[in-house]
1. What FRET efficiency comes out for ALA156 versus TYR279 if R0 is 22 angstrom and r is the Cβ-Cβ distance? Round to the nearest 0.05.
2. Please list 3J(HN,Hα) in residue order for the stretch 75-86, calculated via the Karplus relation 6.51 cos²θ - 1.76 cosθ + 1.60 where θ = phi - 60°; whole Hz, with x for glycine and proline.
3. How far, in degrees from 0 to 90, does helix 178-189 lean away from the longest principal axis of the Cα atoms of the chain, to the nearest 10?
4. Keeping all protein chains in position, work out how much accessible area ILE233 exposes to a 1.4 Å probe, and write it in Å² to the nearest 10.
5. How much length is gained if the chain between MET23 and GLU191 is pulled fully straight, taking 0.36 nm per residue apart and subtracting their Cα-Cα distance, in nm to one decimal?
6. Got a number for carbon plus sulfur as a percent of the chain's accessible area, 1.4 Å probe?
7. At most 14 other Cβ atoms within 10 Å and a DSSP loop assignment: could you name the GluC sites (Glu not before Pro) in the stretch 1-90 that fit?
8. For the chain, take the longest principal axis of its alpha carbons; what is the angle in degrees between that and the long axis of helix 38-47, to the nearest 10 within 0 to 90?
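The values are calculated or read from the model by the stated rules, or taken from the named source; none is laboratory data. Computed from a predicted model, the values in this text were never measured in an experiment. Note that we place each Cβ from the backbone using ideal geometry, even for glycine, and neighbour counts take in every protein chain shown. Remember, those area values only see protein heavy atoms, side chains included, never the ligands or the DNA or RNA. Shrake-Rupley method; radii C 1.70, N 1.55, O 1.52, S 1.80 Å.
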Amino acid sequence: MNELKFGVFGAGFWSNFQIAGWMELPGLQLMAICDPDLDKCQQLAKKFNVPNTYTDPKDLLAHENLDFVDIITEVDNHFELTLLAADCGLDMVCQKPMAPSLEQCLTMVQTCKDQGVKLFVNENFRWQAPIRKVKRIMDKGVIGNPFKARVSFCSAFPVFDNQPFLKMLDHFILTDIGSHLLDICRFLFGEADRLYCLTKRVNPDIQGEDVANVLMEMKNGIHCYAEMSYASILEQEVFPQTLILIEGDKGSIALAADFTIKVTTANGTTQETVEPITYDWVDPEYAVVHSSIVDTQADILNGLRGGVAETTGEDNYQTSKLIWASYWSAENNRTVELEHFK
Ligand code: 89Y
C-alpha cells in the first residue's frame, strides 16, 4: 500500500480529534499544519510530531508535496480553501457544514469535478456505532415497513465553551447540528420530497437560531421529524447523543440514552447496548462523536484510494440542500418542494 501524504488546515478544537483519528489508520503521513495562529499551530504540530507549520494556506500548498488536504477550519473558510486545493490538483476532505450558502456548496462540488479532484465531507454522525446498528435492524425488516420517525438532538450542553465562534454564526443550529441530523435522516430513509421548518432563538447571547424543527416527507413516504435544540434543559442531558424512534407496521426501534437500542414488536421488547469504541484520545464528553471520526475517515480513506466512500461532496450537497431549504421554509413560512429548490 503506498503511503498518502496530507496536510491539515486549521488547528482548532476538532483538529485535535480528526488528526488523532487519521493516526488510527494505516498508510498515512501528516506533513504539515496551517493556521493563522502560529502558536496553536506549533502546539498541535508538536503533539502529533508533524514536521512543518504554516500560517498561510498558499505557502503550505506551494511547499508541500501532498496527496490530499483535510480542511478542518471554521465554515467561512471552506469555500476558499476548497477552491485553492482544487486549483493545485489535490484531493480533499472538508469539515461540515460544507459552506455558508448552498450556492457555494454547489460551486465546491462542481469545481472539484471540473478539476478532476475528489472532495469528501467529514460527516461523522451517520458513522456512530449505535446509529449503524439501528439501520441494520431496520433493514432486516424486524419492524416491518417504517412509516414515521423522530431524530432528535436536544441539549443544554455549553457548546460555546469549546467552539466560541458558533455564537457568532447568523445560521447556527441547522448548520452545526442540522447538518448531522438531516444527514442521518437521509442515511436511514433516503431523500426527502418536501419539508417544513420552524426555527427560534432562545439564548439571547447568540447570533443565530438555537432551536429548529424540521418535518419531512421522504420519497418513500416516511414522515420524518428532525428536532434540534441547544436550549433544552431536560431531566437527562444526553449530549452528544442523537436519539431516534422509528415506527414500522410491525414494531418500533428506539435509540435511547446511553446507547440503548430497544426493539418492540408484537412479541415484546428486546434491548441491547451498542457502545462506541473509546480510543484513549477521545474527549469523554464527546465520546460517541469522536469515536465515529475513525470510521468516517476510514471510509474516506478508502475513497481517496479509489474505492467508494459514502460522504462525498456530491452526497453532502443533498444534506446541505436540506439545511438551506429548512432556512428558506422557516423564513417564508412555506413548505419546500425539494425537487425545485436550488
Ligand atoms: O460542531 C458540532 C459537531 O459537529 O458535533 C457537536 C458539535 O461539536 C457542537 O454542536
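1. About 0.25, to the nearest 0.05.
2. 4, 5, 8, 4, 4, 4, 5, 4, 5, 4, 5, 4
3. Value to nearest ten degrees: 60.
4. Rounded to the nearest 10, the figure is 150 Å².
5. 57.1 nm
6. Answer for the chain: carbon and sulfur cover 47 percent of the accessible area.
7. Hits after loop and neighbour filter: GLU3.
8. 80 degrees
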